[in-house]
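The values are calculated or read from the model by the stated rules, or taken from the named source; none is laboratory data. What you are looking at is a predicted structure, and each value in this text was computed from that prediction instead of being measured. So basically every Cβ, Gly included, is an ideal-geometry build from the backbone, and we count neighbours across all protein chains shown. The accessibility values were calculated without ligands, DNA or RNA, using every heavy atom of the protein model including side chains. Shrake-Rupley method; radii C 1.70, N 1.55, O 1.52, S 1.80 Å.
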Amino acid sequence: MSPRHLVRLIIATVLAASAAALAADPPLVADMANWKCELCPFDKGYDGAVTVGVDYASGANASYGRYYNGMDHQGGYADLSAAGDYVGAEGRHIDYALEDVGLSTRRGLIRAGTYGLYDITLRYDGIPVSRQDATVTPFYTGAIQTLSAGWVPAGTPAGMAALQSNLHGVQIGTERRTYSIDGRIRALDRLSFFARFERQEKTGSQILGAGFLTQAVQLAAPLSYTTDTVEAGVDWSADRRSLRLSMSDSKFRSVDSLLAFQDPYLTLSGNTQFGAVSRPPETDARQWSLTGTTLLPLHSSASMAISQSELKDDSALLPSIYGGTPPALAFDGNVMLTHLAATFSSHPLANWSARGRASYDQRRDDSSTAAWQQYLTDQVPSAMVENSHYGFERTVVDGSLDWRVFRQLSLGIAGDRREVKRTDSVVAKTADGRTYGRARWLPGYGLELTVKGGAAHREASGIDLSRVLLGQDPLLSIYNLSNRDRDFGEVDATLAGKTLAFSAQMSAANDRYGRSMLGLLSGRERRAAGTLTWTPSETLSGYLDGGYQTRTSTQAGRYDTHAPTWAADLRDRYTHWGLGGRWIVRQWDYALDYTHAQANGDTAVGPFGGLAAFPAETTQFDSYRFSIGFAKSEALTLKLRWAYQNYSAADWAYDGVAPASLTNLLALGAVAPQHKVNVFAASFTYRYGKRAGGE
Amino acid sequence: MRYGSNARPYPMNARSPCIQGSRYRALAPILVAFALWVYASAAVSASVGTYTEKGADTCLDCHEDSAVTGIFRTAHGRPTDAHAPFGHGQLQCEACHGPGDAHANGTGKSRPSVIRFGKKSQTSKEVQNEQCLTCHAKNAAHWGANAHAGNQVACGDCHTLHQPKDPVRDFRTQTLVCTSCHQARGADALKPSHHPLLEGKMGCSSCHAPHGSTAPSALKANTVTELCTTCHAENRGPFLWEHEPVAEDCSNCHDAHGATQPSLLKSRPPFLCQQCHDVQGHPSVSYGPDGLSGSGGVQRGVFLQAGSCLNCHSKVHGSNHPSGSKLMR
């Protein structure tokens, strides 16, 4: 068959299928003369609820507060929440929700508008993260971290005679606060506009290392960031197609551009005893994007997206403390990001469907380039180094074809190809190809089984020896820049019965980095997870879930030859399981949950054939939660809650690392998380308004 | 698409009439198919519906329970929104559930079902989704090529439309909806290092566009890095001294769904770093357990414990220090 005949055959098939589709599924017309909607209980009036109570966290510390709960110390916390809504004539409405007002996790929302016409929403959200509360430092914290006047520098922390007497506590953690206002208005039948302003504030402190080649110090670095984002756009939609044009502008600002710190060792000399670490630069990001979609005949659709972004960094660089004239006082950073994409899907016949996507991303770095005199760690004059700028062009094409063989069985094939061309990189190009097949079986009884399996290969090419970092073996298998073979498989099973439901996933993947004996050699992952739920009635339910995962990798390194001299085997295991249930009987509402999660990390390193094991890294998490609710009336509910959480961890990176315990690190004494916390809570909720019978 | 009168003239180098005749014969299937298409289109325009006589009042006569009437506390049930199913001139219940006259007037086992939604529905997923996309195409611009569509996920598998608060639209409950299928991701959320998903401060939709996008893994932003730096803007750069894998893809080092290692890292430094870095200025040392504090070996503290490589190379996301080429300042 000639290509011309093939094209004609395709056109004929498409037209015939279109005819069949149209004839099989005609749109209907309704006679609406008697459609009064007299029985429709349309929403109107006000409604609200207030919760007042108290929580007491026994044993809470930063380790417990690490989990975004706002309880980072032992004590009492107010439990205050309120929510309500009002719907008036012509669809005018306002609703609000204030949650966890007594905690730093508090959040609030107020939304008002007219349904179908416009909406304005104000939001606030707090996300606290505590990290450490037992850390100590001899530095007086601030943008310039100083030591006491009587500080005695020494070559090791243990030799710093004034260390112990100068240590004082410092907390590590951050709080993120997000404020936003957004609105949407429908201007015309097919047109609506939207706009959003968001401010994110992040304050607190983080652990920041600062080294002197063979010695280092950990600092409690204060941080105060603000990110303001404005976005606006317009949506146009018709029956079968839509377009969205939007623009955004984001400004990131940091209070400090550097963190200066006094040298606690004897490493710095000359006019200064201070080192300086840069802080994140102030940057601007702008983007515009256009997205569109259209539904096509034959149950098909196509969509596209175009966007262009610009990242700018014009911030002043740190002043040179070494004399001489730097090539620039400010960095003219400018990165352009381009995204082009299109998708297509079609299921012209009931048993066949096809999907495809193609995208192109470009990162073009037009930042200024110059040669900069290097003073490594504020102490060692080094060579002039020209700043590199990485860019890439990434093209991704993927597609799939599915065939429903009969009602119970579907087969599909899919594949994708991902090509990345890089500039200023040691590897100029990588190309990933992946193909896989899948089968879905629905034998009935609510059971669905999906099996998927395939293989992938990545090919790296164009190694630029001039870009290989000093001393590095150019053949080293780099995680994302090396040849890799992968095979993988996955099984999904679901059962949706009348009272029992089950869902499970199992997967396996093997990676091989076969071209080099250095760097990553192999990786392997096995995992399974599932949940069984039991719902015999609307007032009784229970669940049991669990999962298992292992992830292993092997890698090799060398001292000075081009042959591997040592190897490392890393294995992470993770298991979890839990059970719980809820029972509502008359006015009482009981809920119980138990969750157990455990992670083990095994590390063994040494010469080939003689690997030595590190102490195991372990974390163990046990959580018990129990609550009783009592509905005294439709308006008043009382609730008692108890939660117990036990978290323990052993970590060779932190265990035993006090400020003076290492010869070459003045540490903060951070510890692996540990906590045993009981939380007792009592609250009552009062509902008012139409749904509480009080209208 | 009219062949004949609008057919382009024969080219100057036209071949023999015999060959031209065979060309017309080859067009025959197209003409037949076109005729079928015209017939089907005509049939469509002549169709008359079998909707109920009284619209929602017909339905609510039987379906009066709160599980159904909850729709009137949702966006779909607002009579003042001309675009909502209960807006003026809209098809009310039958806008989504399809013509229901046969269902309303049927009896016993022969009563035909209307279009139903949800995991236990007997209605095909395609039909369910087309009902939704009739109005919501703009909310799901890239739905067709999305993995959810490819895996036969229906809108009603995730959305609970008759509840005043759809669980999948609330961060506090969304994760449970998503992980009812994505079980492994649910397990990840319990790992020692995780984003605040189960705590309700984020949802899966903070990062993913479940209705599809043109980015990999249905991300909301064009690339992984662009997405992460929406919140972690301090790492977006551009920096004077960049770290290549940071500029390219945060997931080179971090596992955003959860990790057993701190800071969502895929592996523990120094080994994570040594998966890409060899001898560079200082040797690529075998940091074995004998280097730990108190082990009796040659102490490797600053290279191995606390922050390991990050004790010195703390500006791993990029540096603006003029002397920051090694990401130490």
Please enumerate the residues belonging to segment B:291-317 that are more than 7 Å from chain A (Cβ to nearest Cβ) and under 26 Å from A:L521 (Cα atoms). B:G291, B:R300, B:F303, B:L304, B:C309, B:H313, B:V316, B:H317
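Which residue is surrounded by the fewest Cβ atoms within 10 Å (Cβ to Cβ), if the candidates are limited to segment A:347-359 and must be at the interface with chain B (Cβ under 10 Å from one of its Cβ atoms) and either under 27 Å from B:K125 (Cα atoms) or free of Cβ contacts under 8 Å to residues at least 12 places away in the same chain (or both)?
The extreme case among them is A:A350.
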Being small (G, A, S) and more than 7 Å from chain B (Cβ to nearest Cβ) is true for just one of A:G519, A:G580, A:G601, A:G547. Which residue is that? A:G580
Can you tell me which residue within segment B:82-101, out of those that are modelled with pLDDT of 90 or more and aliphatic (A, V, I, L, M), is nearest to A:Y118 (Cα to Cα)? B:A84
Restricting attention to segment A:225-278, the residues that are within 24 Å of A:A158 (Cα to Cα) and aliphatic (A, V, I, L, M) number exactly 4
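Residues are listed down the side, and each one gets a yes or a no for (1) touching a residue at least 40 places away in the same chain (Cβ under 8 Å); (2) part of a strand (DSSP E or B); (3) of a type outside the set (D, E); (4) open to solvent by 60 Å² or more (accessible area, probe 1.4 Å):
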position	(1), (2), (3), (4)
A:D361	no, yes, no, no
A:S367	yes, no, yes, no
A:M384	no, yes, yes, yes
A:E393	no, yes, no, yes
A:V397	yes, yes, yes, yes
A:W403	yes, yes, yes, yes
A:E419	no, yes, no, no
Does B:T134 qualify as being over 25 Å from A:L532 (Cβ atoms), open to solvent by less than 50 Å² (accessible area, probe 1.4 Å) and modelled with pLDDT under 90? no
For segment A:178-206, how many residues meet the condition of being over 27 Å from A:R66 (Cα atoms) and open to solvent by less than 20 Å² (accessible area, probe 1.4 Å)? 1
May I ask you to list the residues in segment A:207-255 that are open to solvent by 40 Å² or more (accessible area, probe 1.4 Å) and not in a strand (DSSP E or B)? A:L213, A:T214, A:D239, A:R240, A:V255
Can you tell me which of (1) open to solvent by 50 Å² or more (accessible area, probe 1.4 Å); (2) free of Cβ contacts under 8 Å to residues at least 12 places away in the same chain; (3) not basic (K, R) is the one A:G471 doesn't meet? (1)
Filter segment B:254-284 down to the residues that are open to solvent by 40 Å² or more (accessible area, probe 1.4 Å) and either assigned to a loop (DSSP other than H, G, I, E, B) or more than 7 Å from chain A (Cβ to nearest Cβ) (or both) and list them by number. B:H254, B:A256, B:H257, B:P262, B:S263, B:K266, B:H277, B:G281, B:H282, B:P283
Subset of segment B:70-94 [part of a helix (DSSP H, G or I), touching a residue at least 40 places away in the same chain (Cβ under 8 Å) and open to solvent by 30 Å² or more (accessible area, probe 1.4 Å)]: B:R73, B:H76
Give the residue that is farthest from the other protein chains (Cβ to nearest Cβ), with candidates limited to residues of segment A:467-491 that are under 29 Å from the mean Cα position of the chain (by Cα) and modelled with pLDDT under 95. A:N483
In segment A:637-683, the residues that are within 14 Å of chain B (Cβ to nearest Cβ), of a type in the set (S, T, Y) and surrounded by fewer than 19 Cβ atoms within 10 Å (Cβ to Cβ): A:S648, A:S661, A:T663
Take segment A:283-304 and flag every residue that is farther than 23 Å from A:Y360 by Cβ and either under 25 Å from the mean Cα position of the chain (by Cα) or open to solvent by 50 Å² or more (accessible area, probe 1.4 Å) (or both). A:T283, A:D284, A:P297, A:H299
Residue, farthest from the other protein chains (Cβ to nearest Cβ), within segment A:79-96, restricted to residues that are surrounded by fewer than 16 Cβ atoms within 10 Å (Cβ to Cβ) and either under 16 Å from A:Y688 (Cα atoms) or not basic (K, R) (or both): A:I94
